[in-house]
Amino acid sequence: MGTGTVSTGAPSRLRSFDPVRIAGLEYRMWVGYYQQRWTQVLAAAVRLAWLGFGMDWVRTLQGAWLLLRAIQLWAPFPGNDPDGARACMSQLYALVKLRFGEPADPERAAVLEVDWWRVHRERQRSPGSAETSDELVESVTRLYCCVFGEAEAEVRSAAAHRARAMDLSDQWVREGCQPDSPLLPLEHAALVRAYAALLAAVHHDKRR
């Protein structure tokens, strides 16, 4: 497929991440995002790209910057730039494909990434809706299927835990983003469960 990768029978770095460390970094990104601490978001994004993707430092910094810019372009409400966010995420997923040979379609992955951001924003405005809760889980499930090429049933549990983490984060925001809120460790724990479930679903050599 032109990626230069050779199957060794072991999962790639993309599929053999440390769920506790990855969850901790995403947690720091979420907290920094809502507090608009962009330096914290960028620092966590750099470590996330390094640990999650195992790219060289040049591509790690490029990927982290693309992720930060996508988040910043999406953040304003109203008046955000979803097209710009998708363009940044498409470039990021193209870097991931260059390293691992997946996702097969970086542009599609970028569309699905920003789509769950959209669904999440809608849920923030109707937090008690079962419909938006189900849609959020499904949107994250579709993203995981696209990125990893797994069946929906394999990754839905991971998506459900991640959606739960989002709900806890949203509640924390509604209650004023208190730094000592008891919701924060619950949010972090939900993210750990999400990435542990994702690891269980994708930890194999997809090229076999």
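The values are calculated or read from the model by the stated rules, or taken from the named source; none is laboratory data. This is a predicted model, so every value here is computed, not measured. Glycine also receives a Cβ, built like all others from the backbone with ideal geometry; neighbour counts cover every protein chain displayed. Note: areas computed on protein heavy atoms with side chains; ligands, DNA, RNA excluded. Shrake-Rupley method; radii C 1.70, N 1.55, O 1.52, S 1.80 Å.
First select every other residue whose beta carbon is under 15 angstrom from the beta carbon of residue 179; then total the charges, Lys and Arg +1, Asp and Glu -1. Residues near residue 179 contribute -1 overall. For the stretch 92-153, the spread of Cα positions along the three principal axes, ordered from largest to smallest, is 40, 24, 12 Å. Across every pair of non-identical alpha carbons in the stretch 148-208, the mean reciprocal distance, once inverted, gives a Kirkwood radius of 12.6 Å.
Roughly to the nearest percent, how much of the accessible area of the chain is carbon and sulfur, given a 1.4 Å probe? Carbon-and-sulfur percentage of accessible area, whole number: 55.
In the P(r) worked out for the stretch 75-197, what percent of Cα pairs fall beyond 27 Å? Tail fraction, whole percent: 21. Per the Kirkwood formula applied to alpha carbons, the stretch 127-180 shows a radius of gyration over Rh ratio, Rg over Rh, of 1.09.
Our estimate of slack between residue 125 and residue 18, defined as 0.36 nm per intervening residue step minus the Cα-Cα distance, is 35.2 nm.
Here the simple spin-label model places points 7 Å from the Cα toward Cβ, and for residue 134 and residue 189 these points are separated by 2.8 nm. Model label points for residue 174 and residue 56, set 7 angstrom from Cα along the Cα-to-Cβ axis, are 4.8 nm apart. Taking the helices alone, the chain has a mean residue ellipticity at 222 nm of -24500 deg cm²/dmol, built from -39,500 (n - 2.57) per DSSP H run of at least 4 residues and averaged over all its residues.
In this rough spin-label picture, where each label sits 7 Å from Cα along the Cβ direction, the residue 153-residue 34 distance is 3.5 nm. Computed from the alpha carbon positions, the gyration tensor of the chain leads to an equivalent ellipsoid with semi-axes of 26, 19, 17 Å, biggest first. Were the residues from residue 104 through residue 204 laid out at 0.36 nm apart, the gain over their Cα-Cα distance would be 34.3 nm. Accessible surface for residue 53 stands near 50 Å², nearest 10, in the context of the full protein assembly shown (1.4 Å probe). Annotation: residue 12 carries an accessible surface of approximately 20 Å², with a 1.4 Å probe and no ligand, DNA or RNA atoms counted. The mean accessible area for residues of the chain, using a 1.4 Å probe and ignoring ligands and nucleic acids, is 48 Å² per residue. What the pair-distance distribution of the stretch 47-133 shows, using all Cα-Cα distances binned every 10 Å from zero, is 18, 42, 28, 11, 1 percent. Taking all protein chains as shown and a probe of 1.4 angstrom, residue 83 keeps an accessible surface of around 100 Å².
Under the rule a/c < 1.5 gives rounded, and otherwise a/b versus b/c splits prolate from oblate, where does the stretch 8-65 land using the Cα gyration tensor? Oblate, since a/c reaches 1.5 and b/c is not below a/b.
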